[in-house]
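A short worksheet on the structure shown next.
The values are calculated or read from the model by the stated rules, or taken from the named source; none is laboratory data. Since we're looking at a predicted model, the values are computed, not measured. Cβ coordinates were reconstructed from backbone atoms using ideal geometry, including for glycine residues, and neighbour counts include every protein chain displayed. Each accessible area value is taken on the protein alone, full model and side chains, heavy atoms only, with ligands, DNA and RNA left out. Shrake-Rupley method; radii C 1.70, N 1.55, O 1.52, S 1.80 Å.
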Amino acid sequence: MIAIVTMRLAPSVLNADLARLADQVAAIDGIADWVHLDIMDGHFVPNLTMGPPVVNSLRRHSDMFFDCHLMVSDPVALLPALAEARVDLVSMHVEALADPGAALAAAADAGIAAGLALKPGTPLEAVLPWLDRVELLLPMTVEPGFGGQSFMADQLPKIRAARAAIDAGGRAVALQVDGGVNQDTVLDCLAAGADVFVIGSAIFAADDPAAAARRFRAVLDREPVRGER
Ligand code: DX5
Ligand code: ZN
């Protein structure tokens, strides 16, 4: 169980200098709460990034909370190798799962906290049957696959609905947003009820990623603590 007591900052290294991945993660360690690792397979999304060997290598350089966003056609197949890399959480896309219950059970067996992610076109109802078994929901605010896209404001009602469903359920389920989150749109996400903020290019495309992360940290730390849920 993840006890959410503050707003969490989860920088995505997708648009970082991936040839210097460990250094880039070190730059935001101590400022951010989680590091968000986007794993893509060129099938589920039209882009190809890193896989378990890279995550495993990174683990030798970082003790941060590894939040792995699995944009792959068969996320369950990656779970044993990701467990070896001691990832802390995986979010699996519900569109990729024939049997979400079995996938969540597989993550639990692997000792990894699990969440469910949704593409913008997927209704929230697709994940609601699993709300009592997930640690996190991720309604995407761009089409998954690439950093640096524009925030889809038409996804805000889905985030608000997810917040209402989580609060009604009474369990601690993190509500993550990912895609186009920047100094402007982060405020809309906060107002809609998100509590974990994936931020890629607005941190790692900045001249000074640590300074950019500190600016987001300051915005999030101004928020009232929601309390342990
Ligand atoms: C996109 C990824 C995101 C991406 C976000 O599919 O899931 O995590 O890195 O990057 P920005 O913040 O630039 O939209
Ligand atoms: Zn992501």
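I'd like to check one number: the per residue accessible area of the chain, probe 1.4 Å, reported in Å² as a whole number.
Numbers: 9230 Å² over 229 residues.
I get 40 Å² per residue for the chain.
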TODO: Quickly work out the Ser62-to-Leu187 label distance, labels modelled 7 Å from Cα along the C-beta direction, and quote it in nm with one decimal.
DONE: 2.9 nm
Task: Environment charge at His43 (Cβ cut-off 13 Å; Lys +1, Arg +1, Asp -1, Glu -1) - done: -3
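For region 42-144, which whole-number percentage of the solvent-accessible area (1.4 Å probe, protein heavy atoms only) is attributable to carbon and sulfur atoms? Spell out each step's value before the answer.
Details: 2200 of 4080 Å².
Answer for region 42-144 is 54 percent, counting heavy atoms of protein chains only.
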Task: Convex hull projection area averaged over all views, region 1-116, Cα basis, nm² - done: 7.2 nm²
- [ ] For Phe44, enumerate residues with amide H under 5 Å from its amide H, sequence gap 5+ or separate chain, H modeled in the peptide plane.
- [x] Ser73
Task: the chain - charge dipole about Cα centre, Lys and Arg +1 at Cβ, Asp and Glu -1, debye rounded to 20 - done: 340 debye
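Mind putting a number on the dipole of region 1-95 about its Cα centre? Charges go on the C-beta only, +1 for Lys and Arg and -1 for Asp and Glu, and I need it in Debye to the nearest 20. Write down the numbers at each step before the final one.
Values: 5 positive and 12 negative charges, 31 e Å.
Its charge dipole is roughly 160 debye.
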